[in-house]
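Note sheet for the following structure.
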């Protein structure tokens, strides 16, 4: 029995195969690297994924973090850049004195929208990134171009730009997952502007509206026979 696909808004990629276009290829490459490093934590990992919203930056970072730590969520600290202050970075720097952790060889810091961190925090991150020992990873995402970050900050990362999937790729993904008509998939894909998250939201809205629409009632042939019998009885 084939599994019922998750509702669009509940869909969570479980691997590179669940992503679309270039983000899928980037995820495959980074996951291969993470598997190698997990087996032999001889260096640290510093990756910045940047590009337009809704293309899978956070998903890829989370997949890489899970691969490095063997799925141990306690080995991963996740934060939004807006909440990263200079004091936050000082605490991260203090933690560098402790090799590894109780749950595995890798410790990961994942910061979404790192460009929103204060300039003071970004400046302190330079020292943090330079002092990171083997077995530490700093994974960051940004919706903005690299120009939003200081030059010195950019040079500390392996910076990877994620391009938005093509309209045809998004439409094919929606059709394959949810078996919707081709014309509907195309309309949703065009309207998303390359934002997969927006496409999933629009599809969810359509499916919810379709479920809420009144279903047409089919005529009951037995009822028609009863009416004919009643007319004959009256005659």
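When each of 169, 7 is scored by the number of other beta-carbon atoms lying within 10 Å, the sequence from fewest to most is 7, 169.
Kindly identify the stretch 22-161 as rounded, prolate or oblate by the Cα gyration tensor criterion: order the square roots of the eigenvalues as a ≥ b ≥ c, call it rounded if a/c is under 1.5, otherwise compare a/b with b/c, prolate if a/b is larger, else oblate. Could the numbers behind the result be given before it?
On the way: a/c = 1.68, a/b = 1.08, b/c = 1.56.
Note, shape of the stretch 22-161 comes out oblate.
With the biggest extent put first, the Cα atoms of the chain measure 100, 38, 31 Å across the principal axes.
Calculated FRET efficiency, residue 77 and residue 32, Cβ-Cβ r, R0 25 Å, to nearest 0.05? Don't jump to the answer; show the numbers that get you there.
Values: r = 24 Å, r/R0 = 0.96.
About 0.55, to the nearest 0.05.
Pairs of Cα atoms nearer than 8 Å and 6+ residues apart set the relative contact order; for the chain it is 26 percent. The spacing between the stretch 193-212 and the stretch 106-184, judged by their C-alpha centroids, is 25 Å.
The Cα-based radius of gyration and maximum Cα-Cα distance (Dmax) for the stretch 66-135 are 12.2, 33 Å. Annotation: the residues 128, 50, sorted from fewest to most other C-beta atoms within 10 Å of their own C-beta, follow the order 128, 50. A protection proxy built from the mean count of other Cβ atoms within 10 Å ranks the segments 59-66, 181-188, most packed first, as 59-66, 181-188. With Rh defined as the Kirkwood radius, the inverse of the mean 1/r over Cα pairs, the Rg/Rh of the stretch 98-171 is 1.07. Calculated mean residue ellipticity at 222 nm for the chain: -15000 deg cm²/dmol, from DSSP H runs with n ≥ 4 weighted as -39500 (n - 2.57), summed, divided by the residue count and rounded to 500.
Once both labels are positioned 7 Å from their Cα atoms along Cα-to-Cβ, the gap between residue 147 and residue 90 label points is 3.5 nm.
Within the stretch 72-160, DSSP assigns beta bridges of which about 10% are antiparallel (rounded to the nearest 5).
For the stretch 167-212, the convex hull spanned by the alpha carbon atoms encloses 59 Å³ per residue.
How much length, in nm to one decimal, is gained on full extension between residue 154 and residue 97, taken as 0.36 nm per residue of separation minus their Cα-Cα distance?
Taking residue 154 through residue 97 to full extension adds about 18.0 nm, to one decimal.
Considering only beta bridges that DSSP places wholly inside the chain, some 5 percent are antiparallel.
No value in this document is a laboratory result; all are computed from the given coordinates. Fair warning: this is a prediction, and the values are worked out from it, not measured in the lab. We place every Cβ from the backbone using ideal geometry, glycine too, and count neighbours over all the protein chains shown.
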